[in-house]
Structure formats: structure tokens, C-alpha cells
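What follows is calculated from the coordinates using simple rules that are stated; it is not laboratory data. Just so it is clear, the model here is predicted, and its values are computed rather than measured. No Cβ is skipped: glycine too gets one built from the backbone with ideal geometry, and neighbour counts run over all protein chains shown.
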Amino acid sequence: MELTKADHEAVSAAIREAERRTCGQIICVLSQSSSDYAFAPILWASLIAFLVPWPLIDLTQLSAQRIFMLQLVVFILAAIALLRMPLRLMLVPRAVQRAQAHRAALEQFVVRRTMHTRNRCGILIFVSMAEHYARVIADVGIAQRVEGAEWKAVIDVLIAHIHSGQIANGFVAAIERCAAILAEHAPPDGSSNDLPDRLYVM
């Protein structure tokens, strides 16, 4: 997910150009992952360790102390083995991943002050790579004027570029689509540029 200085400059330039056509503001956030999912290795290691004693009790003459020690060793080894991020993510249900990514998008909407514009026409373009999640969140001043299909078209073009490994170009294309939407529904009104024109990478 390495982006060059030129990539950042291209996204910033696209935002500046888009905001010349509208009173709206555009914020872009790219996240490697919406969570570290630290609970997953512990949860699965605990489940594996929980299952260890039952066959040992039935099939061996090991003492309770030895079985407990084996159970502890299995827990530690399983937790260590499952710590690697790609594997850790595989242990998390898709619905949980999407919920976590959605929550992260909403948090960024607040943290990046997207709603702190005079006309409440700010929008957030959010991507979380690990969860394969992308979302456009619009503030109330613009959300009520735009059909969901228009935001979906923005996401579609963004995802198409990301699948091709063109992350910065994906953001630029999405910004250009958003610019057309904002220009139609929230034309310029002399509002100041309240938010930074940049891509935030987390």
C-alpha cells in the first residue's frame, strides 16, 4: 500500500479542482486495516486449548497436572501461530470485518471534521484495504439530495482501480465523480475551504 509523493499530490490536486466546482468539501482516507483484530488469536487459541483435554482424558493415563500443562502449551503455541495478520484476518467472520470497517469509516467522518462545513456538504471517501471495504459517507446537507445509486457508482469506479493496483488513480477517479455530483447538488456559494485537501493514510 505504498503511495508515492506524486500519488499524494495527485489526490490533493484532484480535491482542489473538485472543490472549485462546489461548496462541498471532500476528505479521503486510506486505511491498511480497520482493526488489529487482536481478539481473534486469543479466541481461537482458547477454543483449541479447550478441546485438548478431552481425548487425553479418554485415551491416556496422563495426570491432570500434565494435561493442564499440555493445554497451556497448546494455547500459547496456537496464539503465537495465529498472530500473523493475514491468518488473523481469516479467523474473523466477514460480517464482523465489514462492521468494523463501517465503524472505522464513521469514526473518520467525525475525526476528520467532515461535518464541520458551513453548508454540511462534506463527504468522506474511505477505503480499508484488509477488509476490502470502500464507502462514501455524505453529510446531511448533501446526502438528502443524492440517490444512493450515485454514491455506488463512485465506489464502483474506485474499487475497479484498486483491483488493478492503482490506488491513487482510484481516489482521483472517485473524487472526479464526487465533483460532478457536488457541482450539481451543491454549487459554489463563496464558502471557505474549511478542510485540508489531502489523502490521509492510516
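Could you work out the relative contact order of region 39-90? I mean the mean sequence separation of Cα pairs under 8 Å and 6+ apart, divided by the number of residues, in percent. All intermediate terms of the calculation are to be shown ahead of the outcome.
Working: 35 pairs, mean separation 28.5, N = 52.
About 55 percent, as a whole number.
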Anyone know which of V127, V92, V73 comes out most mobile in the 10 Å Cα GNM of the chain? V73
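If you filter region 85-159 for trypsin sites (Lys or Arg not before Pro), then keep DSSP loop positions with at most 16 other Cβ within 10 Å, what is left?
Those satisfying the criteria are R113, R118, R145.
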Can you list the residues, at least 5 places off or on another chain, whose amide H is less than 5 Å from the amide H of A130, using H built in the peptide plane? S33, S34
P(r) of region 1-101 over all Cα-Cα pairs, binned every 10 Å from zero, in whole percent: 13, 26, 19, 17, 11, 8, 5, 1
Please report the spacing between the Cα centers of region 91-142 and region 1-74 in Å, no decimals. 18
Taking Cα atoms, how many degrees apart are the long axis of helix 94-111 and the longest axis of the chain, rounded to 10 and kept between 0 and 90? 40
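Just need the Rg to Rh number for region 84-154, please, alpha carbons only, Kirkwood Rh.
Ratio of gyration radius to Kirkwood radius for region 84-154: 1.06.
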Convert each backbone phi in region 6-15 into a coupling constant with the Karplus relation 6.51 cos²θ - 1.76 cosθ + 1.60 (shift: θ = phi - 60°), then list the ³J(HN,Hα) values in order as whole Hz, x for Gly and Pro. 5, 4, 4, 5, 5, 5, 4, 5, 5, 5
Quickly estimate the mean residue ellipticity at 222 nm for the chain, helices only: each DSSP H run with n ≥ 4 gives -39500 (n - 2.57), and the total goes over all residues, rounded to 500. -18000 deg cm²/dmol
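What is the ratio of the Cα radius of gyration of the chain to 2.2 N^0.38 Å, where N is its residue count, to two decimals? Write out the running numbers ahead of the final one.
Values: Rg = 23.2 Å, N = 202, 2.2 N^0.38 = 16.5 Å.
Working it through for the chain, the quotient is 1.40.
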Whole-Hz ³J(HN,Hα) for each residue in region 183-194, computed from phi via Karplus 6.51 cos²θ - 1.76 cosθ + 1.60 with θ = phi - 60°, x for glycine and proline: what do you get? 4, 6, 9, 9, x, x, 9, x, 5, 7, 7, 7
Degrees between helix 64-81 axis and first principal axis of the chain (Cα, 0 to 90, nearest 10): 30
How big is region 1-50 on each of its three principal axes, counting only the C-alpha atoms and giving the largest first in Å? 60, 26, 8
What's the whole-number percent of alpha carbon pairs in region 39-90 lying beyond 13 angstrom? 56
Measure of size requested: the Rg and Dmax of region 121-202, with Cα atoms as the atom set and Å as the unit; please supply both. 12.9, 39
